[in-house]
Amino acid sequence: MANASDIITYIGVPLAVLGVLPILYTFMLSILTQRRIRSLLVHHGHRPVSTSRPHDGFTLRSSPMTSMVEVELPRYTIAPLDRHEEEYWVGTEEGIDAGSHEHHHLLERGDRAESTLSMIEEGRVRGYLRGGSWRAFHWRKLIVGRKLYRIQYEDELREPPAEVGFEALVVFLLDWGAVPDSMGWEKLRTGGLWTPSGTVLLRRTGSTQDHEEGEEKMRRQRASDWVLRTSMPDESDGILSLTVRWPRNDGALGLGGSASASVAEMRGAASLPPGWGRLRQPAPLEANDKRAENEKDLPARIEELKAAHKHSVDSTSFRFHAEDNRIQRLLWEHNDVETGFVCEPFRYYEQSTAGLWFTCVTSALLSQKGPGGLWAFEIPADIKTFVRKDSIPCGVMVILGLLPEQDAPQWSSERDNRNEGAERGRIQHQKLTARMAAERLEASMPPEQARIHRANRQAKDLQEFHNEMVASNAARHERGERMIKDAIASPRMSIKKVAEACLVWLIEKGEVGKEWTVEQLAEAVLYLIVVDLQRQRRAEEGQNVDQGDASGIVRILDEWMSWATAGGMKKQQYHMLEGEKDKLALCLAVSLVAVVAESLNSSSAGRGKVGLDMLECLQLWRKVRLG
């Protein structure tokens, strides 16, 4: 018969062992979880705390009885590197290859999690820990604190999002080739912190050029081409939370190849930063017989004016960007490299519209060339109204000699008076007949009487000739006045046709080359305005400098806006255009207005609205959490 010791030996000991097994299981699970978390952190670029780095690193602590793991990670404030640094254009290698089956298994779990709507809203990015998408790029980092997480499973691991300047982040991604999403920025501007998670703010450039068939494929492709989007506002304390991603295998700008290599090759430090533009000096024209020896064409005048100033004499182009909704400074360049000299031609912006027109036209030119340009500038409403209105009469173009008569519609009644020449011939024939009859009569008279008769006849003819000249001048003046009135009241031409006619006139005069377009002419006119205003600044220093082409162009634009606003041209404004230099200034001014009008009618017209929404959001949130 079993006694008490046997019961304890055969029943109590196994029960005790079974009671310890959960503790042992929890202990082993805690060790394995801590090991996996440590490996996962090291794989994603974290390093453990050491004596040489007491603050820059992670710390792990575990509780064997509860299987809870405490992870203490540093919190960073980040900023982009300088553009001339090589790592600025190169992405990191963190999160690309797991390197082991265990890591590959964990990343696959993250990939499946991202495919669900909840993970997208939480801001998870394939290949990175939640909150660590910013590790795709190289940054300038500063530790600002530490964050403690208590987790039980490795898939709960996350890291603190980094704090970064919103404007610096957007400029950096634009510099890499991203483009703003108009709908996303409008949602962020109107919704603020209530903007739905997953709202895309920046996309890849090539996302709008995908040719996959099927609406579903297009939708999936558009959903995967994002670069910057909003995420769940977790641990943000009322600060906007964002997630960033740059596709590694699709290449920069969606063109294939290695993304980092493509960005470095296609952009690089030599490229223009986002929001900047460049104008190059027009190439000289070949010699032609249309211009006199002492006259110079448009590129030659630009070269002469540029050479007159020491800062621009060796330059071939200049770069610029908008500040306070206008262009204030220009930086001279030689072969696309800055020379170190700065030009401020629009110092007195309030007294002249030159700076406003320069900013409007450059913004229009850059918007037509492609993505980028002056994102933070919108053409004023009065300029938009002006360029969209047909305000130049076709008759004025004909009278000034800028448009052939056959290319204009019927606008004057003076051309129908075809009997005027016949009537003049009949009167001349009557006078000749009367003169011959008087000479025959004088031949039959005595000499003294013939002499008196001849003198009286000649005095009468002289008086009649004088009266006819006065009447002819009065009729010609009256006819000219009627022509001017008819020309001013004639049908208005579209700005596109006016620009084409002016370009043909300039080509015929030898001012520009035969292959030039209206856009090329506008760029040359902007360059002319800059170098001419730079020359006129010497007048402020006491030198005797006459008014140049820039002043004439600006004066024409002011008067043009004046009669367009008033509803019609006045005779004084017509007479202001009669001079040869004034007609040249009008043709140059027409090219500027035509470029702005074309940009408003093209598909790029909405970019100014995108820029304003983006600028307002950048001013509203100075700092964001990037995770």
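The values are calculated or read from the model by the stated rules, or taken from the named source; none is laboratory data. The model shown is predicted, which means the values in this text are computed figures rather than measured ones. Quick reminder, even Gly has a Cβ in these numbers, built from the backbone with ideal geometry, and neighbours come from all protein chains shown.
What about A550, is it surrounded by 13 or more Cβ atoms within 10 Å (Cβ to Cβ), under 26 Å from the mean Cα position of the chain (by Cα), at pLDDT 85 or above and within 18 Å of A589 (Cβ to Cβ)? Yes: the conditions hold for A550. Residue count for segment 486-518 satisfying the condition of being touching a residue at least 24 places away in the same chain (Cβ under 8 Å) and either assigned to a helix (DSSP H, G or I) or under 30 Å from R424 (Cβ atoms) (or both): 17. Given the structure, is D461 at pLDDT 85 or above, surrounded by 13 or more Cβ atoms within 10 Å (Cβ to Cβ) and outside the structural domain of A594 (by TED's automatic domain parsing)? Spelling it out, it is not the case that D461 is at pLDDT 85 or above, surrounded by 13 or more Cβ atoms within 10 Å (Cβ to Cβ) and outside the structural domain of A594 (by TED's automatic domain parsing). Of everything listed in (1) among the charged types (D, E, K, R); (2) without any contact (Cβ under 8 Å) to a residue 60 or more places away in the chain; (3) closer than 30 Å to R319 by Cβ, the single unmet condition for R476 is (3). Answer yes if at least one residue in segment 466-482 is assigned to a helix (DSSP H, G or I) and touching a helix residue (DSSP H, G or I) at 6+ places or on another chain (Cβ under 7 Å), and no otherwise. There is at least one residue in segment 466-482 that is assigned to a helix (DSSP H, G or I) and touching a helix residue (DSSP H, G or I) at 6+ places or on another chain (Cβ under 7 Å).
Please verify whether T199 is at pLDDT 90 or above and surrounded by fewer than 13 Cβ atoms within 10 Å (Cβ to Cβ), treating the condition exactly as stated. It is false that T199 is at pLDDT 90 or above and surrounded by fewer than 13 Cβ atoms within 10 Å (Cβ to Cβ). Tallying residues that are of a type in the set (G, A, S) and outside any helix (DSSP H, G or I) within segment 155-171 yields 2. Taking the stated definitions as given, is S603 assigned by TED's automatic domain parsing to the domain that holds E500, of a type in the set (S, T, Y), modelled with pLDDT under 90 and loosely packed, with under 13 Cβ neighbours inside 10 Å? Here the answer is yes, as S603 does meet what is asked.
Of R36, R47, R53, R61, all but one fail to be over 30 Å from A168 (Cβ atoms), surrounded by fewer than 14 Cβ atoms within 10 Å (Cβ to Cβ) and not small (G, A, S); the exception is R61. Within segment 482-505, being of a type in the set (D, E, K, R) and under 23 Å from A564 (Cβ atoms) holds for K485, D486, R492, K496, K497, E500. Restricting attention to segment 19-30, does a residue exist that is modelled with pLDDT of 85 or more and surrounded by 15 or more Cβ atoms within 10 Å (Cβ to Cβ)? Checked against the condition, which is being modelled with pLDDT of 85 or more and surrounded by 15 or more Cβ atoms within 10 Å (Cβ to Cβ), segment 19-30 yields no hits at all.
The combined condition, being closer than 17 Å to E156 by Cβ and either in contact with a Pro (Cβ under 9 Å, 6 or more places away or on another chain) or modelled with pLDDT of 85 or more (or both), is not fulfilled by V42. Exactly one residue out of A522, A539, A564, A585 is of a type in the set (A, V, I, L, M), assigned to a helix (DSSP H, G or I) and modelled with pLDDT under 90, and it is A539. Just a yes or no: is a residue in segment 214-226 in contact with a Leu (Cβ under 9 Å, 6 or more places away or on another chain) and at pLDDT 85 or above? So far as segment 214-226 goes, yes, one or more of its residues are in contact with a Leu (Cβ under 9 Å, 6 or more places away or on another chain) and at pLDDT 85 or above.
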